[in-house]
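Note sheet for the following structure.
The values are calculated or read from the model by the stated rules, or taken from the named source; none is laboratory data. From a predicted model like this one, the values you see are computed outputs, not experimental measurements. Here Cβ is always computed from backbone atoms with ideal geometry, including for glycine, and neighbour counts include all displayed protein chains.
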Amino acid sequence: LAKTTQPISMDSYEGQEVNITCSHNNIATNDYITWYQQFPSQGPRFIIQGYKTKVTNEVASLFIPADRKSSTLSLPRVSLSDTAVYYCLVGALSGAGSYQLTFGKGTKLSVIP
Amino acid sequence: EPEVTQTPSHQVTQMGQEVILRCVPISNHLYFYWYRQILGQKVEFLVSFYNNEISEKSEIFDDQFSVERPDGSNFTLKIRSTKLEDSAMYFCASSGAGGRKAFFGQGTRLTVV
């Protein structure tokens, strides 16, 4: 499983765009990049997933350069409710078809009023 | 949005007792998972389950643990003889065909005293 490195913490003011970058230098050909959000005492919540280039949904954008050795989660105009831990995960389906997720410590985002 | 539900939300048990944690995955999902998170630590994979059998398990998932899908809707995690170090949040997750997007439940906080 590819190891990921992301900042331990970030602070941002309300209304700003936040970009969290994750490095995954040994990403494999079949690996996808997935980001989850977790609030205290709650389960992780899927945000976005991508393989290459750019993916956008109603919540965030994910930018993946051509070499795929890093990725950037972009949260537009954050609010106080976006304060959470954000996890970058890299992996592929196993031969059995399951998708084992290996969580790191994540990035603790604090949004300041 | 469909969701994974877990019961109970909080369970207190005495050391050495058996506990069963229950989960109702999203109805058309095929892959089921248990994860745990010890307070202040990372989310850790325990086991994945597909087609009525375990497809992958971690080193944490020893003989004290078992999983079952007794009736086609519930998915349970049993810990036979709980230890103090089993105290953690336990998260159930499920994913559909294709498997890469996992939905997590809100968790069961297990406290072993």
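Which of the residues belonging to the range B:73-113 are of a type outside the set (Asp, Glu) and under 13 Å from B:GLY16 (Cα atoms)?
To start, the set of residues in the range B:73-113 that are of a type outside the set (Asp, Glu) comprises B:73-84, B:87-113.
Across the range B:73-113, the qualifying residues are B:LYS78, B:ILE79, B:ARG80, B:SER81, B:THR82, B:LYS83, B:LEU84, B:SER87, B:THR111, B:VAL112, B:VAL113.
Hey, does the range A:25-32 have a residue that's within 29 Å of B:GLN106 (Cβ to Cβ), surrounded by 13 or more Cβ atoms within 10 Å (Cβ to Cβ) and within 14 Å of chain B (Cβ to nearest Cβ)?
So in the range A:25-32, the residues within 29 Å of B:GLN106 (Cβ to Cβ) come out as A:31-32.
From what's left, surrounded by 13 or more Cβ atoms within 10 Å (Cβ to Cβ): A:31-32.
Those still in the list that are within 14 Å of chain B (Cβ to nearest Cβ) too: A:31-32.
Yes: one or more hits.
Just for the range A:33-63: of the residues that are away from every other protein chain (no Cβ under 11 Å) and among the hydrophobic types (A, V, I, L, M, F, W, C), which one is surrounded by the most Cβ atoms within 10 Å (Cβ to Cβ)?
Initial filter on the range A:33-63 (away from every other protein chain (no Cβ under 11 Å)): A:35, A:52-63.
Adding the requirement that they be among the hydrophobic types (A, V, I, L, M, F, W, C) leaves A:35, A:55, A:59-60, A:62-63.
Details: A:TRP35: 27, A:VAL55: 16, A:VAL59: 15, A:ALA60: 19, A:LEU62: 23, A:PHE63: 16.
For the range A:33-63, the residue satisfying everything is A:TRP35.
Conditions (1) within 14 Å of chain B (Cβ to nearest Cβ); (2) buried (at least 17 other Cβ atoms within 10 Å of the Cβ), marked per residue:
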position: A:PRO65; (1), (2): no, no
position: A:LEU75; (1), (2): no, yes
position: A:ASP82; (1), (2): no, yes
position: A:TYR87; (1), (2): yes, yes
position: A:GLY91; (1), (2): yes, yes
position: A:LEU109; (1), (2): no, yes
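Which of the residues spanning the range A:93-104 are aliphatic (A, V, I, L, M) and either surrounded by 22 or more Cβ atoms within 10 Å (Cβ to Cβ) or under 11 Å from the mean Cα position of the chain (by Cα) (or both)?
Filtering the range A:93-104 for residues aliphatic (A, V, I, L, M) gives A:93, A:96, A:101.
The one that is aliphatic (A, V, I, L, M) and either surrounded by 22 or more Cβ atoms within 10 Å (Cβ to Cβ) or under 11 Å from the mean Cα position of the chain (by Cα) (or both): A:LEU101.
Between B:ALA97, B:ALA88, which is more than 23 Å from A:TYR87 (Cβ to Cβ) and in contact (Cβ under 8 Å) with a residue 12 or more places away in the chain? Break it down into steps so the answer makes sense when it comes.
On the way: B:ALA88 fails: more than 23 Å from A:TYR87 (Cβ to Cβ).
Exactly one residue qualifies, and that residue is B:ALA97.
Test A:GLN16 against the stated conditions and say whether it is exposed (fewer than 15 other Cβ atoms within 10 Å of the Cβ) and more than 15 Å from A:LYS108 (Cα to Cα). It would help to see each step written out before you state the result.
On the way: exposed (fewer than 15 other Cβ atoms within 10 Å of the Cβ): yes; more than 15 Å from A:LYS108 (Cα to Cα): yes.
Judged against the criteria, A:GLN16 is a match.
Identify the residue in the range B:6-21 that is touching a residue at least 60 places away in the same chain (Cβ under 8 Å) and under 11 Å from the mean Cα position of the chain (by Cα) and, among all such residues, is farthest from B:SER81 (Cα to Cα).
Of the range B:6-21, the ones touching a residue at least 60 places away in the same chain (Cβ under 8 Å) are B:6-19, B:21.
Pick out the ones that are also under 11 Å from the mean Cα position of the chain (by Cα) and you get B:6-7, B:21.
Details: B:GLN6: 21, B:THR7: 19, B:LEU21: 13 Å.
The extreme case among them is B:GLN6.
Give the residue that is farthest from A:ILE33 (Cα to Cα), with candidates limited to residues of the range A:47-95 that are without any contact (Cβ under 8 Å) to a residue 40 or more places away in the chain and of a type in the set (Asp, Glu).
A:GLU58
Does A:GLY104 satisfy the criteria of being assigned to a loop (DSSP other than H, G, I, E, B) and either more than 15 Å from A:THR5 (Cα to Cα) or modelled with pLDDT of 95 or more (or both)? Give the steps one after another, and end with the answer.
Values: assigned to a loop (DSSP other than H, G, I, E, B): yes; either more than 15 Å from A:THR5 (Cα to Cα) or modelled with pLDDT of 95 or more (or both): no.
No, not satisfied.
Residue check: is A:ASN30 of a type in the set (S, T, N, Q) and more than 30 Å from B:GLU53 (Cα to Cα)?
Values: of a type in the set (S, T, N, Q): yes; more than 30 Å from B:GLU53 (Cα to Cα): no.
The answer is no for A:ASN30.
Let me spell it out: the conditions are (1) in contact (Cβ under 8 Å) with a residue 24 or more places away in the chain; (2) within 14 Å of chain B (Cβ to nearest Cβ), and A:SER98 meets all of them except one. Which number is the exception?
A:SER98 satisfies all of (1) in contact (Cβ under 8 Å) with a residue 24 or more places away in the chain; (2) within 14 Å of chain B (Cβ to nearest Cβ) except (1).
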